[in-house]
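Here's the structure we're looking at; comments come further down.
The values are calculated or read from the model by the stated rules, or taken from the named source; none is laboratory data. These numbers were taken from a predicted model, which means no experiment stands behind them. Quick reminder, even Gly has a Cβ in these numbers, built from the backbone with ideal geometry, and neighbours come from all protein chains shown. Keep in mind that these areas ignore ligands, DNA and RNA; they rest on the heavy atoms of the full protein, side chains included. Shrake-Rupley method; radii C 1.70, N 1.55, O 1.52, S 1.80 Å.
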Amino acid sequence: MENFAVGLATSILGGIILAILGKWQGWWLRSKSEPSIDLATRTLKILDGDAGEKTNEMVNLTKQLGDSLVAFYKTKTPYKEHLETEALFLLNELLDLIKPISTELSAANPELDELKRAVNSYQKGLEWRSQIIKHLCHPPNPPAMDPGHVRDQLLSKNLLPHELLKAAQGEAAIFLRGHGVNWFKRQNYRRDIVKKHRAKYKEAVAHDYRSVLQQTSLHKARK
């Protein structure tokens, strides 16, 4: 009787384990839909092709334009207007490339949500770059324009469109080809990142706490 009970318990436990493993395997190996694969493939082709080349060219042009604008607002040396024209032309071409695929992704299967978000961020980055170029080249009050504002708004963030493009390319590649490293390696990446951000968090908390104490002490001392 005892052996029967042990055998029954073992069978039940084994069944539960097999069910969990089967469910996990089904989730892990779940097939991606053909429309999603097709859309991700076309997206990656655009991002790796024309969008990649034009983004690199645009980033280079806006760097030159930013340097020219800094000199203009410092010394009144006329900025190179052809750089503005060429950069805006490239941005319009890029938006014409990205907007249709972004629209398709907005109605795509939820399995493409990460790619959808990345492409949308890239599109918004391009739109912002177009707006800031127009603002810096034609401000409402040119005499009040500060060269430092050009550095903050354009030069310090000049590589942002390229970074957003890389993120979108990466999401398409993950969907189509996988992560490229095994689960254990990914967990190592995660632990390293968590450790880094935990250190930053502790430093930020300590800094803010010290600031509050400083202000409180200063306020009390002045009474």
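Neighbours of CYS137 by Cβ distance under 12 Å: Lys/Arg scored +1, Asp/Glu scored -1, total 0. With each label modelled as a point 7 angstrom along the Cα→C-beta vector, the ILE37-ALA206 pair spans 5.2 nm. For a test of the definition: using alpha carbon positions, the gyration tensor, and the 1.5 limit on a/c, classify region 43-97 as rounded, prolate or oblate. Prolate is the answer for region 43-97, as a/c is 1.5 or above and a/b outweighs b/c.
Taking 0.36 nm per residue of sequence separation and removing the Cα-Cα distance, the ASN120/SER217 pair yields an extension gain of 30.2 nm. Tell me, what % of the accessible area of region 99-153 is carbon and sulfur with a 1.4 angstrom probe? Ligands and nucleic acids excluded, carbon and sulfur reach 50 percent.
The local environment of HIS162, defined by Cβ-Cβ distances under 15 Å, has a net charge of +1 under the rule Lys, Arg +1 and Asp, Glu -1. For the chain, adding -39500 (n - 2.57) for each run of n ≥ 4 DSSP H residues and dividing by the number of residues yields -28000 deg cm²/dmol at 222 nm. Each Lys and Arg contributes +1 and each Asp and Glu -1, all at the Cβ; summed about the Cα centre of the chain, the dipole is approximately 1380 debye.
Stretching GLU111 away from ASN182 to a fully extended chain increases their span by 23.5 nm, per 0.36 nm per residue minus the current alpha-carbon distance.
Legend: helices of the chain (whole DSSP H runs) are marked when their alpha-carbon atoms reach 18 angstrom or more along the helix axis and their mean Kyte-Doolittle hydropathy is at least 0.0; marked are 2-28, 81-106, 160-177.
Taking only the C-alpha atoms of region 91-176, Rg followed by Dmax gives 15.7, 52 Å. Taking a Cβ cut-off of under 13 Å around LEU112, the surrounding Lys, Arg, Asp and Glu residues balance to a net charge of -3, with basic ones at +1 and acidic ones at -1. Once the C-beta distance of ASN92 and ALA71 is scaled by a Förster radius of 25 Å, the resulting FRET efficiency is 0.45 to the nearest 0.05. Relative contact order, percent, of the chain when contacts are C-alpha pairs under 8 Å separated by at least 6 residues? Normalised by residue count, the contact order of the chain is 25 percent. Per residue, region 99-198 exposes 61 Å² of accessible surface when a 1.4 Å probe is rolled over the protein heavy atoms with every protein chain present. With Rh defined as the Kirkwood radius, the inverse of the mean 1/r over Cα pairs, the Rg/Rh of region 107-223 is 1.16.
For region 34-64, the residues whose backbone nitrogen is under 15 Å from a point 7 Å from the Cα of ILE132, taken along Cα to Cβ, are 58-64. Between the beta carbons of LYS45 and ASN141, assuming R0 = 45 Å, the FRET efficiency works out to 0.50 to the nearest 0.05. For the set LYS76/LYS124; LYS157/LYS195; LYS45/LYS99; LYS63/LYS116; LYS54/LYS80; LYS124/LYS157, the pairs lying more than 25 angstrom apart at their alpha carbons are LYS76/LYS124; LYS157/LYS195; LYS63/LYS116.
Based on the Stokes-Einstein relation at 20 °C and a viscosity of 1.002 mPa s, and on the Kirkwood radius from alpha carbon pairs, the chain is assigned a translational diffusion coefficient of 96 µm²/s.
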